[in-house]
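Engineer: Quick one: the structure is below, questions incoming.
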Amino acid sequence: MLAALEKKSRDEIESSFQISGKKGLEGTTFVATDPVTDHRYAIKLFSKTKSVAKLELEAEMQSKAAGLGVAPRVYYHSTTEKFIIMDALVETIVERGRREKWTKTPYDYQAMIYALCIRLDKAGIIQNDGNPLNLMVDKHGRLYIIDYGFAKEITPAVIKKRGPQPNINLTLWHFARHLKHYKHLGQNNLNDIVDKYLESNDYVDTALRDHGEKLLKDGMPSVADALPGGESKRQETISTPPPPKPLAMAAPPKPPAMERPERPQAPPPPNPPWKEPKPPAMERPLTPKPQPLSRAELRKWATQHRHMGINGNSKSVDIQRAMAAPPKPPAMERPERPQAPPPPNPPWKEPKPPAMERPQTPKPQPLSRAELRKWATQHRHMGINGNSKSVDIQRAMARHRHEEAAKIAMRAVGKFISSSKKNEPSKPKKKRSKATTPRRKNRKNRSIYRQFVKGDNSKEAMMARIETRRRGR
Ligand SMILES: Nc1ncnc2c1ncn2[C@@H]1O[C@H](COP(=O)(O)OP(=O)(O)O)[C@@H](O)[C@H]1O
Ligand SMILES: [Mg+2]
């Protein structure tokens, strides 16, 4: 069966097999069942335009994750027909939650998600797309993380930026925040873990991880066995032991794995992942809760803040975090200030009037909104975005104000200079020699080249031609 699947064209796949789930962003997944063994294969068929390099990277990253039992096993990938063949799973955690009428993510699933993220760190990759639709279960209820389209290798730079468990910082951060948007998955304690990790990179909830590992193993070799030393070393580095967790720490007699009673919900995490500005200890005011932004607003804000190096992709963690951070509402939402004072150190140089008679620079009047818009339209050629809310235009306006001020100052200085140097003859402008202008030179070279191409191209003939030209000049 597998050999036959590998040879299939895109059309054959589309016409022969059923779609699993929904059409994804990147492509569609089909499920094919082996008539002899009943084994189910999933074929993720990408769009025709998917780059070969990206497809290969995705297959490679998934294979690495599959090596540690995090992702379904990869059998084959076709760079011509653009698909990956892997083991099929049954349903996403979202579908299961809906079907079984969960009210929150069960403790067991939280434990497996956590343990899988820790395994990803060990596999040396960040999955980087913590969408709950990328959490799938097999027929035993064992969880897997699929979709390695955004996955990246864990490099020393990643460790430096995200700590020793980058998947807690990125992948789990995403899962934790997104699970609660699904009615049947509700709140979860993973947020709490991520927050503690962001506070101190040594943090590991050993009880939850061990419980997750137990559920995941399901007969397969343990991760700790596969990577001797890796596990115990991490545990030793825990400086602040996690606070006792009602069910996780005091292990009750074990009920069948998947029917374990759910852990009571922990109170909301005391420390958000972003640093709030610290008010004086005595009078700590209540931080007003930021209003969540709509998706459209998010995207708009991201686009406007590209210059800050913010990745505009609304899936990126940086942007999501930036959105969640309460200290400053995004610029576009800020109530309009009557007039922004000019920046203290303008990047352009204002002309310096003579020290003795420095004329007073009159403060330029702020431009009205209509004037702003007009100015923006007139300056489109400078690549200025005409949207009056955009950062470009705001900056350009500030610059404009300064230019106006500079002009007024120049005028004053000019009057002063012209009155003192009235009769001084102005220096004649130096004329640029025509022959040396790059354009002329270019033209000349081109004509010599053309002659070479057309005529006799022997070395002697060329030298003779160059000599004639030189003499002629
Ligand atoms: N191994 C699999 N077995 C069964 N269905 C799968 C499998 N992989 C993906 N799917 C289905 O395809 C959907 C999209 O897959 P995914 O890899 O997340 O694609 P995308 O990159 O487009 O998000 C999943 O939500 C799931 O329904
Ligand atoms: Mg996906």
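The values are calculated or read from the model by the stated rules, or taken from the named source; none is laboratory data. No experiment lies behind these values; they were computed from the predicted model shown. Counting neighbours? That spans all protein chains shown, and the Cβs are built from the backbone with ideal geometry, glycine included.
Engineer: If ILE118 meets every condition in (1) within 16 Å of ligand 2 (Cβ to nearest atom); (2) assigned to a helix (DSSP H, G or I); (3) over 20 Å from VAL31 (Cβ atoms) apart from one, which number is that one?
Structural biologist: With respect to (1) within 16 Å of ligand 2 (Cβ to nearest atom); (2) assigned to a helix (DSSP H, G or I); (3) over 20 Å from VAL31 (Cβ atoms), ILE118 is out only on (1).
Engineer: Kindly list the number of the only condition in (1) more than 16 Å from ligand 2 (Cβ to nearest atom); (2) of a type outside the set (S, T, N, Q); (3) at pLDDT below 95; (4) under 30 Å from THR155 (Cβ atoms) that fails for GLY27.
Structural biologist: GLY27 satisfies all of (1) more than 16 Å from ligand 2 (Cβ to nearest atom); (2) of a type outside the set (S, T, N, Q); (3) at pLDDT below 95; (4) under 30 Å from THR155 (Cβ atoms) except (1).
Engineer: With within 25 Å of LEU116 (Cβ to Cβ) and away from ligand 1 (no atom under 14 Å from the Cβ) as the only criterion, which of GLU81, GLU60 stands out?
Structural biologist: GLU60
Engineer: Is there any pair with a first residue in segment 136-154 that is within 11 Å of ligand 1 (Cβ to nearest atom) and a second that is of a type in the set (Val, Ile, Thr) and assigned to a loop (DSSP other than H, G, I, E, B) whose Cβ atoms are under 6 Å apart and which are 6 or more apart or on different chains, and what are they?
Structural biologist: Note: pairs meeting the criteria are MET136/ILE146; VAL137/VAL90; ASP138/VAL90; ILE145/VAL70.
Engineer: Condition first: more than 18 Å from the chain's Cα centre (by Cα) and assigned to a helix (DSSP H, G or I). Can you find one or more residues in segment 180-189 that meet it? Talk me through it step by step, then tell me what you get.
Structural biologist: Residues of segment 180-189 that are more than 18 Å from the chain's Cα centre (by Cα), as a first pass: 180-189.
Going one step further and asking which of them are assigned to a helix (DSSP H, G or I), we end up with none.
So far as segment 180-189 goes, no, none of its residues is more than 18 Å from the chain's Cα centre (by Cα) and assigned to a helix (DSSP H, G or I).
Engineer: Follow-up question, since we're still on this one. Out of all the residues in segment 135-155, which are within 16 Å of ligand 2 (Cβ to nearest atom) and either touching a Ser or Thr at 6+ places or on another chain (Cβ under 8 Å) or of a type in the set (Val, Ile, Thr) (or both)?
Structural biologist: Listed by number, the residues that qualify are LEU135, MET136, VAL137, ILE145, ILE146.
Engineer: If the Cβ limit is 6 Å and pairs must be 6+ apart or interchain, which residue in segment 106-133 that is more than 16 Å from ligand 1 (Cβ to nearest atom) pairs with which residue that is of a type in the set (Asp, Glu)?
Structural biologist: Hits for this filter: PRO106/GLU262; TYR107/GLU262; ALA115/GLU213.
Engineer: Within the set of pairs 6 or more residues apart or between chains, which connect a residue that is within 14 Å of ligand 2 (Cβ to nearest atom) inside segment 82-100 to a residue that is acidic (Asp, Glu) and not in a strand (DSSP E or B) with Cβ atoms less than 8 Å apart?
Structural biologist: As it stands, the answer is ILE84/GLU58; LEU89/ASP138, since those pairs meet every condition given.
Engineer: For residues in segment 1-21 being assigned to a helix (DSSP H, G or I) and of a type in the set (S, T, N, Q), which is surrounded by the fewest Cβ atoms within 10 Å (Cβ to Cβ)?
Structural biologist: Per the criteria, the residue is SER15.
Engineer: I'd like to know if segment 66-75 contains one or more residues that are among the charged types (D, E, K, R), at pLDDT 95 or above and within 16 Å of ligand 2 (Cβ to nearest atom).
Structural biologist: Within segment 66-75, not a single residue is among the charged types (D, E, K, R), at pLDDT 95 or above and within 16 Å of ligand 2 (Cβ to nearest atom).
Engineer: Do any residues in segment 22-46 that are in a loop (DSSP other than H, G, I, E, B) have Cβ atoms under 7 Å from those of residues that are within 11 Å of ligand 2 (Cβ to nearest atom), where the two are at least six apart or on different chains, and which pairs are they?
Structural biologist: GLU26/GLY149
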